[in-house]
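Rule-based calculations on the coordinates, nothing more; no lab input. No experiment lies behind these values; they were computed from the predicted model shown. Ideal geometry is used to build each Cβ from the backbone, glycine not excepted, and the neighbour counts take in all protein chains shown.
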Ligand SMILES: NC(=O)c1ccc[n+]([C@@H]2O[C@H](COP(=O)([O-])OP(=O)(O)OC[C@H]3O[C@@H](n4cnc5c(N)ncnc54)[C@H](O)[C@@H]3O)[C@@H](O)[C@H]2O)c1
């Protein structure tokens, strides 16, 4: 049983719902939120203690894992404090907003031997499990191109929370806060990014950070991917099309759990469609979203299976955001990896 302190009762409520469904693996013993009422309001039949000071989680020796669902500017200092107090960490996106901070987290995690799991729960869902299995079975061929649309809607009420839409609080716009999940899916299925060109713009709300972007990626394996992002769509929709040599995978339009709704897997050679369809019906069902993400963390901590999101994958996502902001500001195509000498290595805040 992994004893958890959940920090932050916003999206933390969805983490809590997943923990409740995994009560044989996790016990949420404490929720910390400076707004105690918000933490208390989540209670159903739970027995967790409510605290308002983060120190309560760090100092409690019974806690194994600290799950950080706080605003972005707190992710790095709280991750470092949690590691220093000997806890494993789950950290909501973005893990960090500079490569120098990622390096600090890696150093601290290596030094104390505790895991840091960056949250990318979109990876878990039946359709994405199907795609992963098709790739593993050699039925897709090599990645060729991908098109991602993160077309969501955000209005003044969303930006009423003071940290949102600002460089100091949210520390980025739609590239960092919204499309980061779909970019993680892109690299998860299409491979690591070699270079990026990008344009960003603020066209929807009167905020400091960007709310629209158009981005092109060349992957290490030669595949070409594009990402179109807006927070001014008529409604929240995500569309993902991943084209492989032998198969095209097309998502539905579910925005927050793209793997939950059925995808279409179309063989390029019609004679191979029956084999694909038969393969897909034979696969076991896996848990969706936060539940799938948390199961993978528990498996990793117990030494069972290694399907959890790794610190290196979280680091890669921060590197990609850095490259996108650099490409958008400079108008240049930016090649990865980025080193300490890169001008945005210590952060992209203007
Ligand atoms: N994975 C996802 O799909 C997903 C979805 C939404 C948000 N998020 C991420 O989760 C994080 C939190 O977002 P949110 O929407 O829940 O924000 P929120 O503002 O709704 O909730 C954050 C909570 O943290 C509490 N808090 C802030 N500072 C604190 C402190 N010093 N001590 C104790 N409590 C403190 C606040 O009172 C608040 O209840 C962000 O990084 C966001 O990007 C991820």
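For segment 50-72, a residue qualifies if it is closer than 24 Å to residue 164 by Cα and either crowded, with 16+ Cβ neighbours inside 10 Å or away from the ligand (no atom under 12 Å from the Cβ) (or both), and the qualifying residues are 54, 66, 67, 68, 69, 70, 71, 72.
Restricting attention to segment 169-210 and to residues that are in contact with a helix residue (DSSP H, G or I) (Cβ under 7 Å, 6 or more places away or on another chain) and closer than 14 Å to residue 348 by Cα, the residue that is farthest from the ligand (Cβ to nearest atom) turns out to be 200. Only a single item in (1) more than 15 Å from the ligand (Cβ to nearest atom); (2) over 28 Å from residue 242 (Cα atoms); (3) over 21 Å from the mean Cα position of the chain (by Cα) is not met by residue 106, and it is number (3). The selection criterion, being more than 16 Å from the ligand (Cβ to nearest atom), surrounded by fewer than 20 Cβ atoms within 10 Å (Cβ to Cβ), free of Cβ contacts under 8 Å to residues at least 60 places away in the same chain and under 17 Å from residue 175 (Cβ atoms), holds for residue 329. Is there a residue being more than 10 Å from the ligand (Cβ to nearest atom) and within 23 Å of residue 309 (Cα to Cα) anywhere in segment 150-160? Yes, some residue in segment 150-160 is more than 10 Å from the ligand (Cβ to nearest atom) and within 23 Å of residue 309 (Cα to Cα).
Considering (1) more than 14 Å from the ligand (Cβ to nearest atom); (2) in contact with a strand residue (DSSP E or B) (Cβ under 8 Å, 6 or more places away or on another chain), the lone condition that residue 23 does not fulfil carries the number (2). The helices (runs of 4 or more DSSP H) found wholly in segment 53-150 and carrying at least 3 residues that are in contact (Cβ under 8 Å) with a residue 60 or more places away in the chain and touching a helix residue (DSSP H, G or I) at 6+ places or on another chain (Cβ under 8 Å) occupy 99-112, 126-136.
No other residue among 278, 315 is surrounded by fewer than 22 Cβ atoms within 10 Å (Cβ to Cβ) and over 18 Å from the mean Cα position of the chain (by Cα) apart from 278.
What about residue 294, is it out of contact with any strand residue (DSSP E or B) (no Cβ under 6 Å at 6 or more places or on another chain) and in a helix (DSSP H, G or I)? Against the criterion (out of contact with any strand residue (DSSP E or B) (no Cβ under 6 Å at 6 or more places or on another chain) and in a helix (DSSP H, G or I)), residue 294 qualifies.
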